[in-house]
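Asks: Have a look at this one.
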Amino acid sequence: MSDLAWNWVALAVTVVLFAGLAWLSRRRHVNFSIRVIVATALGIAVGVAFKEHVEFVAAFGEVWAHAISAIVVPLLVFSVISSITGLGESVRLRSIGLKTVFFLLLNTFTAATITLGLAIVFKVGSGFSGAQPAGAHHKVVPGVLDTLVGLFPSNFVLNWSQNQVVPIVIFALILAIAFNEASRTKRGAQAVQPFKVIADAGNVVLSKATQIIVGFTPYATLSLIAAAVSNSVVSALVPLVSVLVVAYIALILQLFIVQPVILSAAAHLNPIHFFKAFGPAGVVAFTSESSIGTIPVTVRQLKRGGVPDDVASFVASLGANLGMPGCAGVWPVLLAVFAVNSQGLNYSFGQYLLLIVLALLVSIGTVGVPGTATVTATALFASAGLPVSFIAVTQPISQIVDMGRTAVNVAGAANTAFIVAASEHELDKDLYYQRKPWDDEDDLGSQPVASAVGTNAQTVSASAATVSVASTSATDESSANAASAAAAPASNSVNLLSLSPSAALEGTGGEACGVSDHGSSKQ
């Protein structure tokens with residue numbers, strides 16, 4: 001058959017497998033995590049069976065990746081604003097931020113150190129005779145000052161279009177802090193009430209949109225895995241097998257040994273339960289090769305493990321850009337040692353330590369999209385005075401390693417989120433240790449919801465309380481009556497939106513999106 005015919009056959013087989021995954025969800029009520037694992041196995045089978053003929057199949061994964069990337073920025077904006085406006089105290093925000101940065105960089109440091117040791121022991125690159133590609137293009141690496149300046153918002157639309165998450169998060173933080181400051185007075189609280197309502201409403205709507213997109217994860221996983229397996233060329237990997245092996249040894253050690261030890265030491269938690277909660281996010285990261293694209297899934301799994309909304313969204317978004325132990329710790333250091341040994345250079349102990357320091361520096365402000373590792377490696381090579389063209393030599397294995405790199409990046413952010421939540425005494429350990437059930441319709445917020453929407457329950461967050469209509473009670477009677485009449489609908493909205501997005505969406509059919517981790521309930 002022709003290549004086109006094979007592509008159509010692969011597509012037909014994949015559609016049948018998609019139908020099988022849908023059957024597992026709708027009829028057998030198989031939970032989300034297991035369906036993702038099944039999809040991974042099916043993707044490998046399709047990739048092997050239809051070698052280099054999965055062009056049509058890959059389109060499904062690409063569409064899903066585009067959709068989940070499109071939701072990231074608006075989700076973060078509304079989520080961060082909604083969460084931080086409920087914190088009230090900048091002291092707590094500062095505490096969370098400092099802890100997050102510390103543990104993210106700690107993950108990068110340990111990853112870089114492990115990789116350096118393995119690369120030296122295995123003498124990666126020694127005796128390598130492959131020529132550097134002629135005309136290899138050097139990446140343009142911004143200077144340290146430019147990198148630091150680029151972390152802050154400049155043009156919101158431009159930052160959005162380029163998926164620059166750190167500037168977006170900082171912009172949202174500024175707005176949220178400004179809201180908290182403006183709410184200090186009664187008049188100020190009344191003036192900014194609509195802003196809070198819009199932020200909370202947007203958070204609910206974007207949470208629902210994310211839930212719908214995430215529901216298609218098993219189908220996207222099948223598609224992306226098939227494309228990755230199908231496009232691998234074994235002959236190109238043979239000369240670089242030592243780099244590939246050492247990279248995955250370092251990634252495995254970082255993921256299954258170092259990060260669990262850090263979690264146990266810092267938060268006194270059993271790491272086995274971390275992997276149970278993190279599993280689906282790890283699979284999505286592995287298949288999509290995008291830390292940013294995995295953020296919605298990561299946040300969902302963090303909440304499933306007992307991390308409150310504000311910590312989950314803040315740490316996951318920051319972790320997609322800062323630290324990144326796989327892309328900024330393992331890969332750049334490994335390639336640097338590869339280049340050093342290939343050229344027969346005699347590096348001293350101090351020079352090797354300098355590589356780790358440089359890796360930490362270039363890990364700040366990296367962009368969590370496919371190709372990040374090449375940028376960080378280029379920055380490290382340029383800083384260390386190594387020939388950048390050596391990076392091109394390893395491109396045949398870069399995509400294969402990138403799957404593991406991204407999974408470790410996302411795991412590092414998730415690991416940090418659990419540590420930060422535990423240190424703030426906000427981790428729901430009953431959820432973490434699975435002593436109580438969880439689903440997308442549970443209220444996972446730190447404050448309980450007293451009753452369903454429509455009752456007279458007044459359990460609201462601190463930020464909602466500051467904008468309550470009760471603040472008008474000190475005015476004269478006629479003004480109070482007018483204010484009450486005008487603000488009544490808004491007050492109802494505030495009571496509704498003080499619920500977590502999960503609680504506000506109760507009864508909207510989350511199980512229909514295929515993301516429920518238990519059997520579908522009947523409405």
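Asks: Is it the case, given these coordinates, that V258 is open to solvent by 10 Å² or more (accessible area, probe 1.4 Å), in contact (Cβ under 8 Å) with a residue 24 or more places away in the chain and of a type outside the set (G, A, S)?
Replies: yes
Asks: Tell me which residues, restricted to the stretch 21-32, are in contact with a helix residue (DSSP H, G or I) (Cβ under 8 Å, 6 or more places away or on another chain) and open to solvent by 30 Å² or more (accessible area, probe 1.4 Å).
Replies: Within the stretch 21-32, L24, V30 qualify.
Asks: Among (1) of a type in the set (A, V, I, L, M, F, W, C); (2) modelled with pLDDT of 90 or more; (3) in contact with a helix residue (DSSP H, G or I) (Cβ under 8 Å, 6 or more places away or on another chain), where does A228 come up short?
Replies: Of everything listed in (1) of a type in the set (A, V, I, L, M, F, W, C); (2) modelled with pLDDT of 90 or more; (3) in contact with a helix residue (DSSP H, G or I) (Cβ under 8 Å, 6 or more places away or on another chain), A228 misses just condition (2).
Asks: Could you tell me which of the residues V297, V243, V283 is touching a Gly at 6+ places or on another chain (Cβ under 8 Å) and β-branched (V, I, T)?
Replies: V243
Asks: Okay, moving on. For residues that are within 11 Å of A10 (Cα to Cα) and assigned to a helix (DSSP H, G or I), tally how many sit in the stretch 49-75.
Replies: Number satisfying all stated conditions: 5.
Asks: Okay, moving on. Among the residues of the stretch 1-20, write down those that are out of contact with any helix residue (DSSP H, G or I) (no Cβ under 6 Å at 6 or more places or on another chain) and not in a loop (DSSP other than H, G, I, E, B).
Replies: Correct list: D3, L4, A5, W6, W8, V9, A12, V13, V15, V16, A19, G20.
Asks: Considering (1) in a loop (DSSP other than H, G, I, E, B); (2) modelled with pLDDT of 70 or more, say which one G135 fails and leave the rest.
Replies: (2)
Asks: While we're here: When both residues are 6+ apart or on different chains and their Cβ atoms are under 7 Å apart, which pairs have a first residue that lies in the stretch 113-140 and is under 23 Å from A328 (Cα atoms) and crowded, with 18+ Cβ neighbours inside 10 Å, and a second that is of a type in the set (S, T, Y) and modelled with pLDDT of 90 or more?
Replies: Close Cβ pairs satisfying both conditions: L116/Y352.
Asks: So which residues in the stretch 26-48 are polar (S, T, N, Q) and part of a loop (DSSP other than H, G, I, E, B), if there are any at all?
Replies: N31
Asks: Ok, one more. Does K208 satisfy being among the basic types (K, R) and over 28 Å from L105 (Cβ atoms)?
Replies: Taking the combined requirement at face value, the residue satisfies it.
Asks: Among the residues of the stretch 143-161, write down those that are β-branched (V, I, T) and at pLDDT 75 or above.
Replies: V149, V157
Asks: If I ask for residues that are aliphatic (A, V, I, L, M) and part of a loop (DSSP other than H, G, I, E, B), which ones from the stretch 296-329 would you list?
Replies: Within the stretch 296-329, V307, A320, L322, M324 qualify.
Listed here are the residues, each with its yes/no results for (1) open to solvent by 30 Å² or more (accessible area, probe 1.4 Å); (2) touching a Ser or Thr at 6+ places or on another chain (Cβ under 7 Å); (3) under 24 Å from I68 (Cα atoms).
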site	(1), (2), (3)
F156	yes, no, yes
W160	yes, no, yes
V166	no, no, yes
V169	no, yes, yes
A176	no, yes, no
E181	yes, no, no
T185	yes, no, no
G188	no, no, no
A191	yes, no, no
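Asks: Quick one: what pairs do we get from the stretch 1-22, first residue on the phi < 0 side of the Ramachandran plot, second surrounded by 17 or more Cβ atoms within 10 Å (Cβ to Cβ) and polar (S, T, N, Q), C-beta under 8 Å, 6+ apart or different chains?
Replies: Correct list of pairs: T14/S223.
The values are calculated or read from the model by the stated rules, or taken from the named source; none is laboratory data. Just so it is clear, the model here is predicted, and its values are computed rather than measured. Cβ: placed from backbone, ideal geometry, glycine included. Neighbour counts: every protein chain shown. Just so you know, the surface numbers come from the protein's heavy atoms only, side chains and all, with ligands and any DNA or RNA stripped out. Shrake-Rupley method; radii C 1.70, N 1.55, O 1.52, S 1.80 Å.
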